Amino acid sequence: MHKKLFIPGPVDVKEDVLEKMATPMIGHRSKEASELQRNISEKLMELMYTKNQIILSTSSGTGLMEGAVRSCTRKKAAVFSVGAFGKRWHEIAEANGVDADLFESQWGEPTTPEMVDQALSTGLYDLVTITHNETSTGIMNPLNEISSVIKKYPEVIFVMDTVSSLGGAKIEVDKWGVDICIASTQKCLGLPAGMAVCSISEKAVNAAKEVKNRGFYFDLLKLYNTIKNKDHQYPSTPSISHMFALDYQLDRIMEEGLDSRFERHLQMAELVRNWAKKNFELFADEKYASNSLTTVKNTRGISVADLNKELAERGFVISNGYGDLKEKTFRIAHMADTPMEDLSALLDNIEDILGL
Ligand SMILES: *Cc1c(COP(=O)(O)O)cnc(C)c1O
């Protein structure tokens, strides 16, 4: 039996989108490939509210995170972390020999504009990484405020992780001045895992020109130049199957309407948050609660593992807490094309199992 996924990625993929993955192959150096990849880029520019170039990567989102930090840090990166995925930026920097400092908030709390200002005012950093939506804690950072601060430092490259929010929340790349905005396909975009996308500004491209060892596969400058010189083609063979599905899914997203899609994610979030407040507690400050997943504090001391076993028999799966938050919290994702009635059915089943 297929279990409906309420984990924060991968998400369930609509049948018609899945079928697009089975489209017969085309050559990756053909005119059709250029056209397909160009169309996807144009739609992603709309979704990201940007005029910047889009790069598609046959990798998960972490690949582009590595590409961004390695390709564009000239002096030192300031990594702001509100959980496990924030910390990952720092691990990536270390593994690539890129100089970086880690600025951590307590889990459940956001990155504050003051923290960012304080760090950047030292003049030590020329790249900053921010997590828009932290999937380990369920925090959505206050990007209006944070981006205003980063704008005071025009020499700094602003890199943002929107892996678990692009397609589920409004992300205004140009308004916020984001130089590299990264997402994966398997979360709010509602596609199978295996492809990542990012926008890249001219400023980030120019920064990369000053970096000598940018690696090979995730060299953002090489990817950018190939897109420009070969009409949206890539240095190596991309997952054309993902391209077909992504192109189609972006049409579906536009048909739904961006504002309606973001509103629907908010409605799902409100349903789960209200349920959580009634039966448990929210882990994160509600002011910063994520629109794409909710982290619930396990105030009843239930066994999350057992709950998930029983849910599995009924055809559902949720996520335990991340890392140290395992069993202390659990996470319910409300991403992509999850029908509201499925979400309600999940909550009813949890109540039934726990006798709430
Ligand atoms: C899932 C996730 C990642 C990692 O993405 P992959 O596509 O698995 O590489 C990074 N950041 C956030 C916020 C995520 O939710």
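The values are calculated or read from the model by the stated rules, or taken from the named source; none is laboratory data. No experiment lies behind these values; they were computed from the predicted model shown. Methodologically, a virtual Cβ is constructed for each residue, glycine included, from the backbone with ideal geometry; neighbour enumeration extends over all protein chains shown. Side chains included, ligands, DNA and RNA excluded: accessible areas come from the protein's heavy atoms. Shrake-Rupley method; radii C 1.70, N 1.55, O 1.52, S 1.80 Å.
Only one of the numbered conditions (1) out of contact with any strand residue (DSSP E or B) (no Cβ under 9 Å at 6 or more places or on another chain); (2) part of a loop (DSSP other than H, G, I, E, B); (3) farther than 30 Å from GLY323 by Cβ is violated by VAL13, and that is (3). Across the stretch 163-206, the number of residues qualifying as surrounded by 24 or more Cβ atoms within 10 Å (Cβ to Cβ) and on the phi < 0 side of the Ramachandran plot comes to 27.
Scanning the stretch 82-123 for residues that are exposed (fewer than 15 other Cβ atoms within 10 Å of the Cβ), touching a helix residue (DSSP H, G or I) at 6+ places or on another chain (Cβ under 9 Å) and either farther than 23 Å from GLU155 by Cβ or not assigned by TED's automatic domain parsing to the domain that holds SER147 (or both) turns up just one, ALA95. Can you confirm whether the stretch 207-220 contains a residue that is open to solvent by less than 20 Å² (accessible area, probe 1.4 Å), assigned to a helix (DSSP H, G or I) and more than 21 Å from LEU166 (Cα to Cα)? Yes. Determine if the stretch 285-298 includes at least one residue that is modelled with pLDDT of 95 or more, farther than 28 Å from LEU191 by Cβ and open to solvent by less than 30 Å² (accessible area, probe 1.4 Å). For the stretch 285-298, residues modelled with pLDDT of 95 or more, farther than 28 Å from LEU191 by Cβ and open to solvent by less than 30 Å² (accessible area, probe 1.4 Å): present.
Selection over the stretch 261-281 of residues that are over 19 Å from the mean Cα position of the chain (by Cα), open to solvent by 60 Å² or more (accessible area, probe 1.4 Å) and either under 23 Å from ILE55 (Cβ atoms) or without any contact (Cβ under 8 Å) to a residue 40 or more places away in the chain (or both) gives a count of 5. Scanning the stretch 133-148 for residues being open to solvent by 10 Å² or more (accessible area, probe 1.4 Å) and more than 14 Å from the ligand (Cβ to nearest atom) gives a total of 4.
Kindly establish whether GLU109 is within 21 Å of LEU325 (Cβ to Cβ) and in contact (Cβ under 8 Å) with a residue 24 or more places away in the chain. Full working, then the answer.
Numbers: within 21 Å of LEU325 (Cβ to Cβ): yes; in contact (Cβ under 8 Å) with a residue 24 or more places away in the chain: yes.
Here the answer is yes, as GLU109 does meet what is asked.
Scan the stretch 64-76 for residues that are open to solvent by less than 10 Å² (accessible area, probe 1.4 Å), touching a Phe, Trp or Tyr at 6+ places or on another chain (Cβ under 8 Å) and within 16 Å of the ligand (Cβ to nearest atom) and the total you get is 4. For the stretch 225-247, the candidate set comprises residues that are charged (D, E, K, R) and assigned to a helix (DSSP H, G or I); within that set, the residue that is surrounded by the fewest Cβ atoms within 10 Å (Cβ to Cβ) is LYS228.
For first residues located in the stretch 93-104 and β-branched (Val, Ile, Thr), partners that are outside any loop (DSSP other than H, G, I, E, B) and lie 6+ apart or on another chain with Cβ distances below 7 Å form the pairs VAL98/VAL69; VAL98/ARG70; VAL98/ALA77. Taking strands (runs of 3 or more DSSP E) as the structural unit, no element lying wholly within the stretch 109-188 holds at least 2 residues that are among the charged types (D, E, K, R).
So which residues in the stretch 6-30 are in contact (Cβ under 8 Å) with a residue 24 or more places away in the chain, over 17 Å from the mean Cα position of the chain (by Cα) and open to solvent by 30 Å² or more (accessible area, probe 1.4 Å)?
Here is the first cut: in the stretch 6-30, the residues in contact (Cβ under 8 Å) with a residue 24 or more places away in the chain are 6-14, 16-18, 20-23, 25-26, 28-29.
Of the ones still in play, those that are also over 17 Å from the mean Cα position of the chain (by Cα) are 14, 16-18, 20-23, 25-26, 28-29.
Within the stretch 6-30, LYS14, ASP16, LEU18, LYS20, MET21, ALA22, THR23, MET25, ILE26, HIS28, ARG29 meet the criteria.
ILE200 fulfils the conditions (1) under 25 Å from GLY86 (Cα atoms); (2) touching a Gly at 6+ places or on another chain (Cβ under 7 Å); (3) assigned by TED's automatic domain parsing to the domain that holds LYS170 except for a single criterion, (2).
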